[in-house]
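Report on one structure; see the data block that follows.
The values are calculated or read from the model by the stated rules, or taken from the named source; none is laboratory data. Bear in mind that the values here come from a model prediction, so they are computed numbers and not experimental data. Neighbour counts are summed over all protein chains in view; Cβ atoms, including those assigned to glycine, are modelled from backbone coordinates with ideal geometry. Accessible surface is based on the protein model in full, side chains and every heavy atom, while ligands, DNA and RNA are left aside. Shrake-Rupley method; radii C 1.70, N 1.55, O 1.52, S 1.80 Å.
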Amino acid sequence: MNNIERIYNHKGPVVIDIETPGQVDPYSPDARVLMIGVALSPTEAYVFSTEYDIQPLLKALEVKPLIAHNAKFERNWLRKAYGFEGNFFVDTMLLSHYVNEKQSTGLEALAQEFFDAPPYGENIDYVNEPWESYAAYCAEDCKYTYGLYELWKFRAKDPYFYFIMEFSRAVWDMEYNGIGFSMEANTSLHTYLLDLEGKYKPDAPGVNLNSPQQVAKWMVDSGVPLTHRTETGKLSVSEDATMHLRSRYPLVDQYRKWKDIRSLIVKYTTKWPDYVMPDGRIHASYFPLTGTGRHSAKNPNMQQVPRDPEHKMKRVFIPEAGCEMVSWDASQVELRVAAIVAPDENMRKLYAEGVDIHQATADMMVGGTANSEERQQAKAINFGFLYGMGATKFTTHAFKEYGAVFSESDAWAAREAYFDAYPGLREWHERTEYYVRRNQELTTIFGRTRHLDEVLSNEPRIAYHAIRQGINFLVQSAAADITHAAIISLRNHKEARAVASVHDSVVWEQPTGTGDVIAKNLMDEAMQTLNRWFGFESPIPFEAEWTIGEYWT
C-alpha cells in the first residue's frame with residue numbers, strides 16, 4: 001500500500017500543512033506551493049513534493065475531515081493553486097486561542113510548551129532551504145499539529161468552537177474574495193489631501209512639525225499653556241493633551257487639523273496601493289478571534305479605515321464591474337446586548353418600544369426634549385459609562401469620539417444620572433466585579449471565556465483594568481458574535497460575497513439592482529443562526545442600517 005492509499009484508507013481526521021517559498025501570499029504573481037505535508041497521527045507524517053502529480057493526493061484529502069494550524073493558510077493557498085477547498089473542521093491555532101487566549105498561538109511555541117519539542121524551525125530558510133530539511137520541518141509541523149488536536153479534541157467539540165470554525169470559513173472566503181480598490185480614486189483622494197495639508201500647515205519657521213518637542217516649545221513660546229506630559233516627563237502635544245485648547249488657541253486647532261490630514265496621507269492613501277494584488281483587489285488578513293471576542297485585520301487593517309464623512313476615505317474601495325457595494329451595520333448592538341446581559345429593564349423597555357435610546361438618555365439628562373447637540377452628548381454617555389469608564393477618561397472619550405465637551409464635574413454628574421436612569425447597569429457592574437475577583441474569568445451568553453488573572457494584582461490600577469476588561473468582554477464579544485452570525489448567514493446568499501468587515505459591520509458585493517432584500521433580512525437570519533447554535537432568543541429586537549452604492553460608505 002502506497003502512502004496515498006494509506007491516507008485514503010485512514011479512518012480518522014487528517015492533518016495537512018503546506019510550505020511555500022518565503023512569506024508571500026497566494027495572490028502574488030510568484031506564489032506557489034512547494035510541498036504538502038500530511039499526518040495521520042502524532043507519530044506518522046508524509047510529505048509530498050508538488051513537482052509531481054498531487055491530484056491523487058488532493059482527491060484522497062477531499063473526503064477527509066482536515067485539521068490545520070492556521071487552516072486559512074492551507075485552504076486559501078490550495079484553493080488558489082488547485083481549486084481545492086477541503087473540509088477543514090479544526091484549526092488548532094484558533095483552538096489554542098479558544099482554550100486560553102493568553103497562550104501563544106505559534107505552532108513551534110506550543111510544541112515546545114506541551115511536547116518538549118526542540119526549536120526545530122529556528123534556522124529554516126523559507127526561500128532557499130534544501131528540500132530534505134524543509135520537508136523534515138514540514139513533517140514536524142504536521143505531527144505537532146496532530147498532537148495539539150489530540151490534546152484539545154474534546155474542547156474542539158464545544159458549541160462555541162464549532163461556531164467559530166463556521167465563522168472562520170466565512171472569513172476565509174471574505175479574505176479570498178478581497179475588496180476592489182480604485183487606484184484612480186486613491187490618486188484623486190491623495191492629491192486632495194495633499195492640498196488640504198498645505199492649506200492647514202501652520203506658519204512656524206524653523207520648527208519641525210513632526211517633532212513633538214519642537215512643536216511643544218513653539219506652542220509654549222506662542223503663549224499656549226501646555227500642561228500634560230508624556231511618560232518621560234516632556235510636554236505633550238498629543239490629541240488628548242491639546243483637545244481642550246483648540247477652541248481657545250487657533251494655532252493649536254490649525255496644528256491638529258494639519259496633523260489629522262497628515263495622518264490620513266501617511267497611514268492610508270500612501271500605503272493602500274502597496275496592498276493591491278494583480279487582480280486589482282486588497283486581500284486583507286483577518287483573524288477570527290481575539291481576546292475581546294472580536295475579529296481583527298491586518299495588511300492592511302481594514303478596521304482602521306476612517307469613518308470620515310468629510311473626506312470620504314472609503315470611496316477608494318469599490319465593487320467589481322456589474323456589482324454594487326452594500327455597507328451593513330448592526331444598530332446600537334452593544335447597548336442592546338448590555339440591556340440583555342445586565343439586564344436593565346428600563347433599557348429593555350426602550351428598545352422593545354422602538355424608542356431612540358440616545359434621545360431618551362438626552363431627554364432624561366436635560367429634563368425635557370433634548371436638541372441634536374444634547375443627543376450627541378448622550379451618545380458619548382451611553383457608550384462611555386456602559387463599560388464603567390471614569391469621569392476623567394470620559395471627558396477625553398466624549399470629545400475625541402463625539403465632539404462632546406464635558407468638564408470633569410459635569411462628567412461625574414452625568415455618570416451618576418446615567419446609572420440612576422439605568423440601575424440594572426450599576427448592579428451588573430458590581431456583580432461582574434465580584435465574579436471576576438472570585439473566579440478570574442468570565443463567560444459570555446454564547447459560551448466564549450476570557451481569563452482575567454490580572455484581577456489578583458496587588459496594584460489597584462491593574463486589578464480595576466481587568467474588571468473593566470471583563471465588563472467590556474461580556475458585551476463586546478457577544479455583540480461581535482451577532483455580526484459573526486450575520487457573516488455566516490450571508491454565505492447562504494450565493495449572489496452576495498463578503499469583502500470586508502469592521503467590528504459591527506459587514507461589507508459585501510451583489511449584482512447591481514439586487515436592492516436591499518438581503519440587507520433587510522440579514523439581521524433576522526443572524527438571530528436564527530444564533531438560535532440554531534445556542535438556543536438564543538432575544539427579549540428585545542436587534543436592528544441594522546445599510547447603504548447601497550458605488551463604493552464603501
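Total residues in the range 224-235 satisfying the condition of being surrounded by fewer than 17 Cβ atoms within 10 Å (Cβ to Cβ) and either closer than 25 Å to residue 403 by Cβ or within 33 Å of the chain's Cα centre (by Cα) (or both): the figure is 7.
If you take the residues in the range 137-156 that are aliphatic (A, V, I, L, M) and open to solvent by less than 50 Å² (accessible area, probe 1.4 Å), which one is farthest from the chain's Cα centre (by Cα)?
Out of the qualifying residues, it is 139.
Hey, could you check the range 297-332 for residues that are over 22 Å from residue 183 (Cβ atoms) and not aliphatic (A, V, I, L, M) and say which is most open to solvent (accessible area, probe 1.4 Å)? So that I can check it myself, show each step before the final result.
Taking the range 297-332 as the starting set, the residues that turn out to be over 22 Å from residue 183 (Cβ atoms) are 303, 307, 309-310, 326, 328-332.
Filter again for not aliphatic (A, V, I, L, M), leaving 303, 307, 309-310, 328-329, 331-332.
Working: 303: 35, 307: 180, 309: 112, 310: 130, 328: 1, 329: 35, 331: 17, 332: 42 Å².
So, considering only residues that are over 22 Å from residue 183 (Cβ atoms) and not aliphatic (A, V, I, L, M), the one most open to solvent (accessible area, probe 1.4 Å) is 307.
Within the range 261-315, the set of residues being under 9 Å from the mean Cα position of the chain (by Cα) and aromatic (Phe, Trp, Tyr) comprises 286, 287. For the range 159-199, a tally of residues being open to solvent by 40 Å² or more (accessible area, probe 1.4 Å) and either more than 24 Å from residue 552 (Cα to Cα) or among the aromatic types (Phe, Trp, Tyr) (or both) returns 7. Given the criteria farther than 22 Å from residue 317 by Cβ, open to solvent by 50 Å² or more (accessible area, probe 1.4 Å) and in contact (Cβ under 8 Å) with a residue 24 or more places away in the chain, does residue 240 qualify? Yes; evaluated as a whole, the condition is true for this residue. If the requirement is being under 24 Å from the mean Cα position of the chain (by Cα) and more than 30 Å from residue 453 (Cα to Cα), which of these qualifies: 26, 21? From the options 26, 21, the qualifying one is 26.
Report those helices (runs of 4 or more DSSP H) wholly inside the range 397-507 carrying at least 3 residues which are buried (at least 21 other Cβ atoms within 10 Å of the Cβ) and among the aliphatic types (A, V, I, L, M). Answer list for the range 397-507: 460-490. Residue count for the range 353-383 under the criterion of being open to solvent by 60 Å² or more (accessible area, probe 1.4 Å) and among the β-branched types (Val, Ile, Thr): the result is 2. In the range 483-495, the residues that are within 16 Å of residue 545 (Cα to Cα) reach residues that are surrounded by 17 or more Cβ atoms within 10 Å (Cβ to Cβ) and of a type in the set (D, E, K, R) with C-beta atoms within less than 6 angstrom, at least six apart or across chains, in these pairs: 483/504.
Would you check if residue 468 is among the charged types (D, E, K, R) and within 30 Å of residue 537 (Cα to Cα)? Full working, then the answer.
Numbers: among the charged types (D, E, K, R): yes; within 30 Å of residue 537 (Cα to Cα): yes.
Against the criterion (among the charged types (D, E, K, R) and within 30 Å of residue 537 (Cα to Cα)), residue 468 qualifies.
Would you confirm whether any residue within the range 41-48 is of a type in the set (A, V, I, L, M) and touching a residue at least 40 places away in the same chain (Cβ under 8 Å)? Yes: the range 41-48 contains one or more residues that are of a type in the set (A, V, I, L, M) and touching a residue at least 40 places away in the same chain (Cβ under 8 Å). Here residue 294 passes the criteria (1) at positive phi; (2) open to solvent by 20 Å² or more (accessible area, probe 1.4 Å); (3) not hydroxyl-bearing (Ser, Thr, Tyr) except the one numbered (1).
When the residues of the range 243-254 are filtered to those that are in a loop (DSSP other than H, G, I, E, B) and open to solvent by 50 Å² or more (accessible area, probe 1.4 Å), which remaining residue is farthest from residue 404 (Cα to Cα)? Talk me through it step by step, then tell me what you get.
First, the residues of the range 243-254 that are in a loop (DSSP other than H, G, I, E, B): 246-249.
Next, from what is left, pick out any that are open to solvent by 50 Å² or more (accessible area, probe 1.4 Å): 247-249.
Working: 247: 13, 248: 16, 249: 18 Å.
It comes out as 249.
Pairs meeting the criteria (first residue in the range 462-480 and touching a residue at least 24 places away in the same chain (Cβ under 8 Å), second residue small (Gly, Ala, Ser) and in a helix (DSSP H, G or I), beta carbons under 9 Å, at least 6 apart or on different chains) are 474/338; 475/338; 479/338. For first residues located in the range 416-437 and of a type in the set (Lys, Arg), partners that are in a helix (DSSP H, G or I) and lie 6+ apart or on another chain with Cβ distances below 7 Å form the pairs 426/419; 437/455.
Residue count for the range 339-388 under the criterion of being assigned to a loop (DSSP other than H, G, I, E, B) and in contact (Cβ under 8 Å) with a residue 60 or more places away in the chain: the result is 7. The residues in the range 509-551 that are open to solvent by 60 Å² or more (accessible area, probe 1.4 Å), within 30 Å of residue 322 (Cα to Cα) and assigned to a helix (DSSP H, G or I) can be counted, and the count is 4.
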